[in-house]
Each structure stands twice: as structure tokens, then as C-alpha cells.
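First up is the structure itself, then whatever we jot down about it.
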Amino acid sequence: MKRMLKMGDLVFYLAGEGICLVVGILYQLTPLWITMMGAILLIFLTIWRKNRRKGSMEQKRLSDAQIYMEQLLYAFLRQGKVLSAITDVLVLFPEGEMHKVLTQAVAKIRYDYEEKDTTQEAMALIEEKYRNERLATIHRFLYKVEVIGGSYDGITALLLQDLNGWRQRMDVYQKKCRRERYHIGIAIGTALTICMITTYLLPKQVDISGNTLRMASTVILTGILLMIYTKADKRLTVNWLEEGQTEKEDLLAEKYREYLEYEEKRELKKSLFLALFPLGGVLLAAPLKRSIGVIVCMFLLLFCLYQHKIGHFLAKRKLSREIEKAFPHWLMELSLLLQTDNVQVSISRTLSHAPKVLLPALKELIEKLDREPEAAEPYLDFLKEFSNPQIQAAMKMLYAISAGNGGNEKEQLQELIARNQNLMNQAEEMAHEDALAGMYALFLTPSLAGGAKLLVDMTIFMLAFFQQAAVG
């Protein structure tokens, strides 16, 4: 097996360097510049090889975690015990990282007598290796059922439905990532081809093929295009279970706090101070009749005067989108808690696992409910400033469940869960769109790099043409 892998690596490197040699010859590069291009390509080939291995590893981790979560729920339905469920799932993983961690978890529950709560500790071992919000939610649910009992068929069905939807959305997202990487590769090939063909279309009376700057720009262009493809390729090597949400959540929570603490009078003073600088520019440029300078300074003056309003609007727009993505995850956690607790208690218990961007609003909601537990205003005022109709509709339904209005509570809860499934789908699609936005931008970058290369070649050609005409 190792021998086959080494042979595959050799073929991969030889093919890459062979293509590099052909490109160098077509671009009429000297052996020295072709060697430099080949050395640069060798670095990127090594990076791509590592990316491919890491991508395969992350894909397997995702697949293992999805199978584990799904089969754990089915096994728990049959057994009703966490240890039995994990033991049944362990059979599906005879080797690998998942096998090791599940073996440790089973041993923790069976043989560790020092820990007070071995089940939670065992689950923590698995969550440490496979950090994922859904996995942690499933573990919390199973632990709660085992400790306090109660009916769990309906909640298990809900979790399985959510897990299946997430798997489908993830498959679509990964296909889009691969498709965008392919399109970026096509854009890179097109840029290289156009730049190469243009060289052959130039009049042969003026030969610039041996120009050092032209050859250097060719190698630089190749390096830039390789960097672009590497950045696109790296998108397929991410940790699909986490996708770096923790740091992002911390940043969003800070932005939300800043948004809540916004004071227009205070920010207006900052804007007026900043406006003094372009105003000075206007006063200096006007007597000198520098019309362009006056226009630029006037534009900057208007921007400085309204920069606080613009910044506040953009912050609200950004937070509104992030809250729209985070709310369904919180509502999912709440839906599970509602199976055994009332609305107010369930909301309080979500604080420890709620998305950080929602924490300030949730704390305010809980404080209001403590003062007025039967009032509708705390629910209706929740995130009201962002004017999201879907969030407002869900909060009205929560109030109806809390007040016991509108019919059968179980039917209302099922309706809330169904609504949340749609919200979850929309939220994760938005998150995937945001993640793909960078790849969409990368698709345009090769044409810009190619345009810069053509500009360099045309400049060299014009200088050589005029020099030859002057000598002639």
C-alpha cells in the first residue's frame, strides 16, 4: 500500500513538472526561468498533496461523526441506555480514530470508579475529538433522558430529521465548493492561455521573447495563479464539523454589544471632528481653483459627517443576518427542552449553550420574564429592533405555548419544530453562501492577474518598438 502511495506521489509530481516544462517552452522561457518556475510549482505541488490528504481525513471525520450520531440515536431508541448505545455503535468502527475514542468512552463508563459522573465524562471524550454542535446536543439529550427518564421517541425523531437535513445540506455545500474550485482552475488555464497566445500575435519584427522583464513577469504570473488555486483548494480541507465558528461568534457578540451601546450624539461628535480635516482641504483647494481637489474633499466631508450613521446601518445589517443564522440553532435546543419543561424554564436553560450573539437578548428576555412571567411583551420585544418576521412569529408561538392559548400544546410544539426546520435550512444555506463568497471572488482574480501580465508585455513591446524605430 505504501509503495503504491509513493508511486502515486511520483506520478503526481512528474505530471505537474511536465506540464510546467510545456508551459515554459510555449512561453519561450530560457532554461533558467523554466527551472525557477518548476521550483515554485514543486512547492505548490507539495502543498496540494498535503491538502488532498487533509481533505480526505476531514471528510472521513465528518462521515464517521454523521454515522455515529445517526446510529447512536437508533441504538438508544432500542436500548434506552447510553452505554449500550455506544457499545452497539462501536461495532461499526473496527479501526480508526472513532474506534479509539469510543473504546475509551466505553471503558470510562464501565471501569472508572473515581469519577462521579462517568457517562458525562465519556461523552466529553467523544466531543473533544469530534467538536460539533449537533453531537453535543444529542449527547445532552441522551444524558438527560437516562437521568430523569420520560418519553423520548418524538425528540429522537426530531434529532434524526435534523441530522438528515444537515447531511443533505453539507453534501450540496461540498459539491458547490468542488465546482467553484473547478471553475477557478478553468479561469486560471484561460488566463495562462490568453497571455501565451497574445505573445505569438505580436509582430515578429519586434522580438521581446528574450526580454528578462517579460520572462520574470511570466514566472510571477504563474506563482500568483498557483496561489489562487491553492487558496481555493484549501476550502476543501476545512474541519467540516466546526468550520471555525468559535472565534467568529466571539467577534459577533462583541459587535452586538457595541451596537446596543451605540449613542448617536456621542458618535456625531466624532463625525464632526473627522469632518474638520476634509473641510480644511476644501478651504485650501477652493482659493487655488483646484476643482478636482474641492470635489474629492467635499465627498470626504459628506462621508465623515454621516460615517456614524453608515457604520451603524452596516452593523445592523450584518448582525441581522448573523442572528437570522443563529436563531434556529437556539430554537432547536429550546424545542428539546420544551419536551420536559415549561417555556420560561427552558429558555433559562438554553443560556449555557446558546449562540453568543444571542446572549445579550436572551438575558434581557429572562429578566423581563422574571418580572412579568405571564406578559406577552417580553416575547414580542425579543430582538424587535432587527425586525425579522420569522423570529417574531416563532416568539409569538412560544408565548401561545407558555400561556396555554391556541389549542393543543403538543400540536403547537410540533408546529414550532416544523417551522424551525425550515429556519434551520435557510440559516445553514446562508452560512454556506457566505463561506462561498470568497471563492466567487477568487474566480475573478485570474483575469485581473492576466490583465496585469498583458499590460506588462504590451509596455515592453511598445518600448522595444519605439527603440527599434529610433535606431532605424
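For the range 380-410, the set of residues classified as open to solvent by less than 50 Å² (accessible area, probe 1.4 Å) and over 23 Å from Leu252 (Cα atoms) consists of Ala393, Met397, Leu398, Ala400, Ile401, Ala403, listed by residue number. Filtering the range 351-392 to residues that are assigned to a helix (DSSP H, G or I), acidic (Asp, Glu) and over 26 Å from Ala315 (Cα atoms) leaves only Asp370. For Thr340, the conditions (1) outside any helix (DSSP H, G or I); (2) open to solvent by 90 Å² or more (accessible area, probe 1.4 Å); (3) of a type in the set (Val, Ile, Thr) are fulfilled apart from (2).
Across the range 291-311, a minimum of one residue is classified as of a type in the set (D, E, K, R) and farther than 22 Å from Ala394 by Cβ.
Do we find a residue being under 29 Å from Lys100 (Cα atoms), without any contact (Cβ under 8 Å) to a residue 12 or more places away in the chain, within 19 Å of the chain's Cα centre (by Cα) and surrounded by fewer than 16 Cβ atoms within 10 Å (Cβ to Cβ) anywhere in the range 171-190? Checked the range 171-190: at least one residue is under 29 Å from Lys100 (Cα atoms), without any contact (Cβ under 8 Å) to a residue 12 or more places away in the chain, within 19 Å of the chain's Cα centre (by Cα) and surrounded by fewer than 16 Cβ atoms within 10 Å (Cβ to Cβ). Of note, Gln426 does not satisfy the criterion of being within 29 Å of Leu241 (Cα to Cα), open to solvent by less than 80 Å² (accessible area, probe 1.4 Å), at pLDDT below 75 and out of contact with any His (no Cβ under 7 Å at 6 or more places or on another chain).
For the range 269-283, does any single residue satisfy the condition of being under 29 Å from Asn388 (Cβ atoms) and touching a residue at least 60 places away in the same chain (Cβ under 8 Å)? Quick ask: steps written out before the conclusion?
Looking only at the range 269-283, we keep the residues that are under 29 Å from Asn388 (Cβ atoms), and these are 271.
Add one more test, that the residue is touching a residue at least 60 places away in the same chain (Cβ under 8 Å), and what stays is none.
Among the residues of the range 269-283, not one is under 29 Å from Asn388 (Cβ atoms) and touching a residue at least 60 places away in the same chain (Cβ under 8 Å), which makes the answer no.
The single residue among Ser320, Ser217, Ser271 that is polar (S, T, N, Q) and over 30 Å from Val357 (Cα atoms) turns out to be Ser217. Of the helices (runs of 4 or more DSSP H) lying entirely inside the range 44-142, those containing at least 3 residues that are of a type in the set (Asp, Glu) are 118-129. For Lys50, the test of being among the basic types (Lys, Arg), open to solvent by 70 Å² or more (accessible area, probe 1.4 Å) and touching a helix residue (DSSP H, G or I) at 6+ places or on another chain (Cβ under 8 Å) is failed.
The values are calculated or read from the model by the stated rules, or taken from the named source; none is laboratory data. These numbers come from a predicted model, not from an experiment. Positions of Cβ are generated from backbone atoms using ideal geometry, with glycine treated the same way; all protein chains shown enter the neighbour counts. SASA here: full protein model, heavy atoms, side chains in, ligands and nucleic acids out. Shrake-Rupley method; radii C 1.70, N 1.55, O 1.52, S 1.80 Å.
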